[in-house]
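Read through the structure below, which is laid out as structure tokens, and then see the notes.
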Amino acid sequence: MKRGEIKVCILRVGGTNCDAETKTAFEDLGVQAQILHVNEAAKRRNLMDYHALVFPGGFSYGDYVRAGAIWARWMLAKMGKELKAFVEEERPILGICNGFQVLVEAGLLPAFNGTSLYPEAALATNHPPGYKCRWVYIKHENDGRCIFTRNIPKGNVLRMPVAHAEGRFIFAKEKERQYLERLYENGQLVFRYCTKDGEYAEGRYPINPNGSFHDIAGICNPEGTVFGLMPHPERAFYRWQQPDWTRQRLMPQYGDGRLIFEGLINYLEKQF
């Protein structure tokens, strides 16, 4: 498929606040991107007209109950069949920050045995508590299963910003070891928080900005086509978005966030 023929749907609801930046990132890479409110999407029943689906960042429905919970339940109730078909056809789904929370609450991640009826993980209140907005480093852990990061060598360190109050990735305490082993066995672990030099945070704040279990910053499903991460790639897309761009004369035109979007597009160019 030619790049200009690729269609990406960026869903939004009340409280979404990163849809425009995400659309700009895709358009910069030469694909068609449309922001679509979920009410309109439910009315049209046309998700399958798109090749990729994005749940962007923000605070959907005010993040009442739990972050992403209301939006996730709404999607399952109103558009569950379309979502299932999207996943079964291995069309990419990307969840950024609040979008990651939605995918976990909807059972689309980690989805060890396919979409689960109940969440198998959670993105809980930060530890230490509070809204965290800062640039962090994340280390690529994937061997190529995740279609979004196949072009990133394993072990590479990327820099992106986080902006969340509920980003602490956790499993139920009694299942931590079992589920972590499955992430590794299935090739589902994608990013971990680390230092600039690639040393794992080991829970140390602020290197790990939220207290995530095993420093987890992003995971994918077993097929590698559904991917969620807490850092914001759309806010690390251009050189000028980075906090030190005025001091770095040799800084590349684009930031590390671009790599995530490029990975998705490269997959679609070969797949369809």
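Where a number appears in this text, it was derived from the coordinates with a stated rule and is not lab data. Please read these numbers as outputs of a predicted model, since none were measured by experiment. Note: ideal-geometry Cβ built from the backbone for every residue, glycine included; neighbour counts use all protein chains shown.
Data overview
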read-out: Distant-in-sequence amide H partners of A217 (H built 1.01 Å from N, under 5 Å); value: F191, R192, Y193
read-out: Helical mean residue ellipticity (222 nm; -39500 (n - 2.57) per DSSP H run of 4+; nearest 500) of the chain; value: -8000 deg cm²/dmol
read-out: Total charge dipole magnitude, segment 112-234, about the Cα centre, Cβ charges on Lys, Arg, Asp, Glu only, Debye to nearest 20; value: 260 debye
read-out: Phi-based couplings in Hz for segment 184-200 (Karplus 6.51, -1.76, 1.60; Gly and Pro marked x); value: 5, 4, 8, x, 9, 7, 10, 10, 10, 5, 8, 7, 4, 8, x, 7, 4
read-out: Share of alpha-carbon pairs per 10 Å distance bin for the chain, given as whole %; value: 7, 33, 40, 18, 2, 0
read-out: Whole-Hz couplings from phi, Karplus 6.51/-1.76/1.60, listed for segment 124-129; x for Gly and Pro; value: 8, 4, 3, 10, x, x
read-out: Vicinal HN-Hα couplings computed from phi for segment 108-121 (Karplus, 6.51 cos²θ - 1.76 cosθ + 1.60; Hz; Gly/Pro x); value: 7, 9, x, 6, 4, 10, x, 4, 9, 5, 10, x, 9, 8
read-out: Point-charge dipole on Cβ atoms (K/R +1, D/E -1) for segment 173-230, about Cα centre, debye to 20; value: 140 debye
read-out: Antiparallel DSSP beta bridges within the chain, as percent of all bridges there, nearest 5; value: 60 percent
read-out: Cβ-defined net charge surrounding V87, 14 Å radius [Lys, Arg +1; Asp, Glu -1]; value: -2
read-out: Which of F227, P252, A20, positive extreme of dipole for the chain (C-beta unit charges); value: A20
read-out: Sorted by Cβ neighbour density within 10 Å, fewest at the top, the residues C97, C133, C9; value: C133, C9, C97
read-out: Subset of K43/K84; K23/K154; K23/K78 violating a 21 Å alpha-carbon distance limit; value: K23/K154; K23/K78
read-out: Other-chain or far-sequence residues with amide H under 5 Å of Y254's (modelled H); value: R239
read-out: Per-selection metrics, segment 116-235 (Cα): Rg and Dmax in Å; value: 13.4, 39
read-out: Segment 197-248 and segment 106-185: distance between their alpha carbon centers, rounded to Å; value: 10 Å
read-out: Set of aspartates and glutamates near K7 by C-alpha distance (under 12 Å), chain-local residues within fewer than 8 positions excluded; value: E27, D49, E269
read-out: Dipole of segment 73-157 [Lys/Arg +1, Asp/Glu -1 at C-beta], most positive-end residue of M75, T115, C97; value: C97
read-out: Fluctuation leader among L109, L183, L94 - the chain, Gaussian network, Cα springs under 10 angstrom; value: L183
read-out: Spin-label model distance (nm) - F272 vs R44, 7 Å beyond Cα toward Cβ; value: 1.3 nm
read-out: Nonlocal amide H pairs with G14, under 5 Å, H built at 1.01 Å; value: Y61
